[in-house]
2 protein chains.
Amino acid sequence: MDPAEPRAAAKRRGRRPAGHDTRTALLEAARQVFAENGYEGATVRAIAARAGVDAAMVNHWFGGKETLFAQAVLQIPSEVQELAASVLAGDLDTVGERIARGFVTAWDSTAGGIFPALVRSLTGHDQAAAGLRDFLVKHMFGRIVARLEVDQPLLRANLCASQLVGIGMVRYVAKFEPLASAPADVLVAAVGPTLQRYLTAELNLPAT
Amino acid sequence: MDPAEPRAAAKRRGRRPAGHDTRTALLEAARQVFAENGYEGATVRAIAARAGVDAAMVNHWFGGKETLFAQAVLQIPSEVQELAASVLAGDLDTVGERIARGFVTAWDSTAGGIFPALVRSLTGHDQAAAGLRDFLVKHMFGRIVARLEVDQPLLRANLCASQLVGIGMVRYVAKFEPLASAPADVLVAAVGPTLQRYLTAELNLPAT
């Protein structure tokens with residue numbers, strides 16, 4: 001009725017960071033499109049179209065389909081997603097310690113958050129399980145081992161993933177004590193050397 | 001009708017090993033009593049009474065309530081249950097390697113078997129989850145660390161459990177490659193030293 005109203009609304013919208021709206025719209029559109037088409041069937045183009053934004057915005061805000069899936073559907077905390085980049089920004093001789101600290105800190109900050117749901121998802125055969133596998137193997141550990149220039153990079157990445165998934169299970173899901181209540185520093189000191197060995201040491205594996 | 005029949009039946013029963021019947025009857029009774037009363041509420045006495053045998057038979061055949069629960073309800077392969085005893089029968093300097101080999105061999109023999117169901121059970125809040133925790137922490141790793149005479153025995157046991165649960169997740173549940181298809185010897189060489197360090201090495205943990 002009042003011709004001033006739409007303009008006021010537009011002004012309020014204008015005060016919000018425009019990126020916030022785009023990002024939120026993409027997350028909502030992604031949930032719908034992934035649910036309708038599955039992980040493989042959902043395209044970046046379709047998600048962007050549903051959100052009413054340019055497809056380039058997906059790469060701008062999420063870096064790609066996997067991260068968008070991780071955030072929209074798996075709801076993996078962004079700290080966990082940023083782990084790969086942050087652990088590579090430093091001395092490779094202490095990369096295991098940084099991974100352990102990053103993993104425990106990120107999940108502790110959400111009290112384990114959706115870790116149990118993630119694990120249930122891994123035990124299923126649905127799109128979420130496939131997406132989570134891709135996220136962990138390719139997006140996260142794949143980026144780390146690609147930089148290390150070691151033999152058996154994928155097996156090393158798998159071994160790291162096994163120790164981190166196991167720590168998540170024992171600390172946030174099964175809640176074995178005393179590990180579940182141990183300070184982050186204790187876990188970092190215990191698990192860091194394991195990850196470091198898996199990533200950079202001579203593993204002396206038998207020939208296969 | 002035929003008076004010979006019951007005797008013939010009795011004779012057939014008599015040819016079976018008596019222990020097999022008792023064991024089978026106890027497993028069936030345990031499933032019923034655990035389902036009706038939960039893990040805490042179920043007593044060895046009640047299970048034995050349901051099976052129509054003496055309560056001492058539970059200890060004779062299963063060693064106690066936890067193992068009976070592990071076999072009857074969780075259906076953990078007996079090879080996994082016997083792991084604790086077998087790994088302790090040897091040099092403590094190579095106990096990590098024996099645990100890794102025992103774990104992978106036992107689960108590989110069932111192609112992962114019920115590992116996904118076990119993990120889903122761990123993510124729940126039901127009696128099975130509590131029973132599995134007790135089985136792993138007290139019955140299995142508790143027995144191992146009790147013999148090692150090390151500092152922080154429970155934390156060490158938890159750390160071992162985390163690596164084994166993680167290997168089970170990655171090899172049998174999430175099936176990350178190449179770890180899921182790697183020969184057992186490769187996993188033993190990779191994971192054995194981790195378990196050995198967790199169990200017997202100086203961990204240099206920060207004071208808490």
**OP:** Give the residue that is farthest from A:G96 (Cα to Cα), with candidates limited to residues of region B:165-208 that are under 20 Å from the mean Cα position of the chain (by Cα) and either part of a loop (DSSP other than H, G, I, E, B) or within 7 Å of chain A (Cβ to nearest Cβ) (or both).
**Re:** B:V173
Subject >> Top-ranked residue of region B:179-199 - restricted to ones that are of a type outside the set (A, V, I, L, M, F, W, C) and more than 20 Å from A:Q196 (Cβ to Cβ), ranked as surrounded by the fewest Cβ atoms within 10 Å (Cβ to Cβ) >> reply: B:S181
Original post:
Among the residues of region A:36-48, is there at least one that is basic (K, R), open to solvent by 20 Å² or more (accessible area, probe 1.4 Å) and either modelled with pLDDT of 85 or more or closer than 30 Å to A:P183 by Cα (or both)?
Top reply: yes
Subject >> Flag if A:A161 is within 10 Å of chain B (Cβ to nearest Cβ) and modelled with pLDDT of 95 or more >> reply: no
Subject >> Close pairs (6 angstrom Cβ cut-off, 6 or more residues apart or separate chains): closer than 16 Å to B:N37 by Cβ in region B:50-61, open to solvent by 60 Å² or more (accessible area, probe 1.4 Å) anywhere >> reply: B:A55/B:R45
Original post:
Quick one: would you say A:V145 is surrounded by 16 or more Cβ atoms within 10 Å (Cβ to Cβ), assigned to a helix (DSSP H, G or I) and either within 7 Å of another protein chain (Cβ to nearest Cβ) or touching a His at 6+ places or on another chain (Cβ under 6 Å) (or both)?
Top reply: no
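The values are calculated or read from the model by the stated rules, or taken from the named source; none is laboratory data. Fair warning: this is a prediction, and the values are worked out from it, not measured in the lab. As a convention, Cβ positions derive from the backbone with ideal geometry for all residues, glycine included, and neighbour counts pool all protein chains shown. We work out accessible area using only protein heavy atoms, side chains counted, and drop any ligands, DNA or RNA first. Shrake-Rupley method; radii C 1.70, N 1.55, O 1.52, S 1.80 Å.
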